[in-house]
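What follows is a short report on a single structure.
The values are calculated or read from the model by the stated rules, or taken from the named source; none is laboratory data. Computed from a predicted structure; not experimentally measured. Ideal geometry is used to build each Cβ from the backbone, glycine not excepted, and the neighbour counts take in all protein chains shown. The protein model used for the area step is the full one, side chains on, heavy atoms only, and it has no ligands, DNA or RNA in it. Shrake-Rupley method; radii C 1.70, N 1.55, O 1.52, S 1.80 Å.
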Amino acid sequence: MKRIGIIGVGLLGSAVATRLLKGKFEVKGYDARPDQMKGLQAEGLMVARNIAEVSADADAVFTILPSLDSVETTILGTGGLIEMAPSNCTLIQMSTISPDLTRRLATAAAAKGLGFLDAPMSGTSAMVERGDCTIFVAGELAGADACQPIFDAIARRTHYVGDVGMASLAKLATNLLVGLNTAALAEALVLGAKGGLAPAVLVDIFKDSAAASKMVDVRGPLMASHYFDAQMKIDLFLKDFKLM
């Protein structure tokens, strides 16, 4: 399990690629926007021109894509991974999609003799790049065990949760809590600010109280400093909520 393909080298895919390259894996990437991969070439990323190239000779191929349609087309479509991946390859589906689609993809992979793991992760691209993320894994236990060194190179912890579809469900439940925590944090800071409490003071209080959470640690300082640059595309998060 040393030759890894990644389809979808955006913010999250780039972070995964960086971790794998640091872990001394051979990494080949493919993205519909090839310019996104230029910065990683200096780190050793090999750039593929299509799905056939990214999957050729790969031990495992990640799909890290923004929508259900893009995942389905990439795996099941004409010229997709089901057709192009070598028989000893494991498909590792990391996109946030529905459990139903995940199970359908796994069935199609099994029919072609391919391994398949349902393996979304929890963490921003910055968290992934520094290895501070968690991966949920579902599928055959033997396949998950075989891919554990890959996951260890990316994340600080892996949770095996059972049959295909369960990891996707775990990711949706996690994102639900992340979204609600983030919105509640913003409202709490506004409440304090309207009464005269400095947001930075409140963030420190939250961190050291029963209100502590990962979102307080990650988003709190950004909110307190009025750093409101986008952390995720809103249509992607709305997609997640529709799935929930």
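A few points about this structure:
- Yes/no for A153 being within 22 Å of S98 (Cβ to Cβ) and open to solvent by less than 40 Å² (accessible area, probe 1.4 Å): no
- When D100, D118 are checked against the criterion of being open to solvent by less than 20 Å² (accessible area, probe 1.4 Å) and of a type in the set (D, E, K, R), D118 stands alone in meeting it.
- Single residue of M166, M127 found to be aliphatic (A, V, I, L, M) and open to solvent by 70 Å² or more (accessible area, probe 1.4 Å): M166
- Tally, over the stretch 56-83, of residues that are over 23 Å from S168 (Cα atoms), in contact with a helix residue (DSSP H, G or I) (Cβ under 8 Å, 6 or more places away or on another chain) and crowded, with 20+ Cβ neighbours inside 10 Å: 0
- Among (1) in a loop (DSSP other than H, G, I, E, B); (2) without any contact (Cβ under 8 Å) to a residue 60 or more places away in the chain; (3) under 18 Å from the mean Cα position of the chain (by Cα) - the single one P66 does not satisfy: (2)
- Of the residues in the stretch 10-24, at least one is open to solvent by 60 Å² or more (accessible area, probe 1.4 Å) and not in a helix (DSSP H, G or I).
- The listed residues are L91, L81, and the only one of them that is under 20 Å from G143 (Cα atoms) and within 16 Å of the chain's Cα centre (by Cα) turns out to be L91.
- The stretch 154-210, subset on the phi > 0 side of the Ramachandran plot and touching a residue at least 12 places away in the same chain (Cβ under 8 Å), residue nearest to the chain's Cα centre (by Cα): G165
- Of the set (1) part of a helix (DSSP H, G or I); (2) of a type in the set (V, I, T); (3) buried (at least 23 other Cβ atoms within 10 Å of the Cβ), all apply to I92 but (1).
- Which listed residue, of L191, L172, L185, is modelled with pLDDT of 95 or more, over 30 Å from K22 (Cα atoms), open to solvent by less than 50 Å² (accessible area, probe 1.4 Å) and not in a loop (DSSP other than H, G, I, E, B): L185
- Any hit, the stretch 201-211, residues being touching a Pro at 6+ places or on another chain (Cβ under 7 Å) and at pLDDT 95 or above: yes
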